[in-house]
Amino acid sequence: MQPRTGQRRRKPPMIPLTGPLRNSWDILLIIVGAFIMALTFNLFLLPNHIASGGVSGISIIVNQLLGIEPAYIQWLLNIPLFVAGVILLGRQYGMRSLIGTIVLPLFVYLTSSFPVPTTNPLLAALYGGIGVGLGLGIVFRGRGSTGGLSILAQIIQKYTGFSMSFCVILTDGSVIVFAGLLLKPEQALYALISLYITSKVIDAVELGFSNSKVAYIITNDIEQMQTAILNDLDRGLTKLNGEGGYTGDERTVLMVVIGQNEASRLKTIVRSVDPDAFVIISNAQEVLGKGFKMTG
């Protein structure tokens with residue numbers, strides 16, 4: 001039987017969510033993520049006037065200038081943008097996007113009376129970025145969207161040919177610039193901090209917080225090394241076909257996924273089998289499958 005990469009043979013398989021259960025789980029993630037974003041908005045961003053892009057940033061600017069309830073502004077902008085997205089970009093903006101578009105302003109309205117924990121703008125930018133990134137990451141894991149200027153960015157991308165990252169910078173950056181001009185330049189600087197942290201937290205939530213490692217081993221003692229890893233480390237492995245860049249010789253590369261606490265043990269095993277083996281050990285951001293976690 002062929003060993004499978006990263007598999008602990010003693011662990012039973014995990015069954016992924018499918019069908020109606022998967023859809024229900026996605027909707028729950030979108031609702032939870034939207035609630036976290038709304039709570040973060042009212043606790044940190046709005047009271048400290050940090051407009052870190054998006055429709056929420058516009059609602060902060062309008063609230064400061066005209067005193068209009070931010071939730072109303074978000075509904076006023078989100079719903080037309082959602083309709084424009086469906087018309088111009090297709091039906092991929094379906095139920096999940098509609099849920100986020102509606103419930104986010106609703107939660108903003110419902111949590112508007114919560115007590116503000118800090119009036120320090122730097123703390124607000126830091127924790128605001130964390131909260132929005134956490135909420136958005138959860139929404140994205142639910143394969144949803146909260147609408148807003150991300151739809152406008154995709155419309156611009158479709159009709160101009162610009163990259164998506166440039167279009168996002170263009171839309172969110174415009175909000176931050178207007179916040180600096182209409183409110184205070186200092187607020188724009190705090191908004192940039194918050195936006196940067198948001199992007200990093202989204203990546204962490206979407207990709208996971210795995211501490212797993214992936215090791216690539218090049219050795220002349222293939223069979224002995226394979227046996228040692230399978231028996232002594234109790235990890236499966238995969239054989240990859242390689243070719244020496246200088247010599248052109250065919251080589252077999254062993255790939256094995258391990259936990260962080262197994263890295264030292266793997267190095268000890270490799271040294272005992274072949275002290276001249278070439279080993280690369282790097283971080284694996286997320287590992288799914290038997291012997292490791294299974295996420296949505």
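The values are calculated or read from the model by the stated rules, or taken from the named source; none is laboratory data. As the structure is a prediction and not an experimental result, all values here were calculated from the model. Note that each Cβ is placed from the backbone with ideal geometry, even for glycine, and that neighbours are counted across all protein chains shown. The area values use the complete protein model at the heavy-atom level, side chains included, leaving out ligands, DNA and RNA. Shrake-Rupley method; radii C 1.70, N 1.55, O 1.52, S 1.80 Å.
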### Query
Which condition does Thr219 not pass, out of (1) more than 32 Å from the chain's Cα centre (by Cα); (2) at positive phi, if it passes all the others?
(2)
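Looking at the stretch 162-170, is at least one residue touching a residue at least 60 places away in the same chain (Cβ under 8 Å) and out of contact with any strand residue (DSSP E or B) (no Cβ under 6 Å at 6 or more places or on another chain)? Write out each step before concluding.
Step one: filter the stretch 162-170 for residues touching a residue at least 60 places away in the same chain (Cβ under 8 Å), giving none.
So far as the stretch 162-170 goes, no, none of its residues is touching a residue at least 60 places away in the same chain (Cβ under 8 Å) and out of contact with any strand residue (DSSP E or B) (no Cβ under 6 Å at 6 or more places or on another chain).
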## Note on the structure
Scanning the stretch 184-211 for residues that are of a type outside the set (A, V, I, L, M, F, W, C) and outside any helix (DSSP H, G or I), the one modelled with the highest pLDDT turns out to be Lys184
### Query
For the stretch 223-246, how many residues meet the condition of being open to solvent by less than 30 Å² (accessible area, probe 1.4 Å) and either over 24 Å from Asn261 (Cα atoms) or within 32 Å of the chain's Cα centre (by Cα) (or both)?
7
### Query
Hey, any hits in the stretch 169-177 for a residue that's loosely packed, with under 14 Cβ neighbours inside 10 Å and not hydrophobic (A, V, I, L, M, F, W, C)?
no
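Is it fair to say Val214 is surrounded by 14 or more Cβ atoms within 10 Å (Cβ to Cβ) and either over 26 Å from the mean Cα position of the chain (by Cα) or in a strand (DSSP E or B) (or both)? Explain how you work it out, then say what you get.
Values: surrounded by 14 or more Cβ atoms within 10 Å (Cβ to Cβ): yes; either over 26 Å from the mean Cα position of the chain (by Cα) or in a strand (DSSP E or B) (or both): yes.
Here the answer is yes, as Val214 does meet what is asked.
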### Task
Take Leu170 and decide whether it is out of contact with any helix residue (DSSP H, G or I) (no Cβ under 6 Å at 6 or more places or on another chain), more than 22 Å from Leu77 (Cα to Cα) and not in a loop (DSSP other than H, G, I, E, B).
no
### Task
State which residue is modelled with the lowest pLDDT when the search covers only the stretch 66-104 and only residues that are polar (S, T, N, Q) and under 21 Å from Gly53 (Cα atoms).
Ser97
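Met255: surrounded by 12 or more Cβ atoms within 10 Å (Cβ to Cβ) and part of a strand (DSSP E or B), yes or no? It would help to see each step written out before you state the result.
Working: surrounded by 12 or more Cβ atoms within 10 Å (Cβ to Cβ): yes; part of a strand (DSSP E or B): yes.
Answer is yes for this residue.
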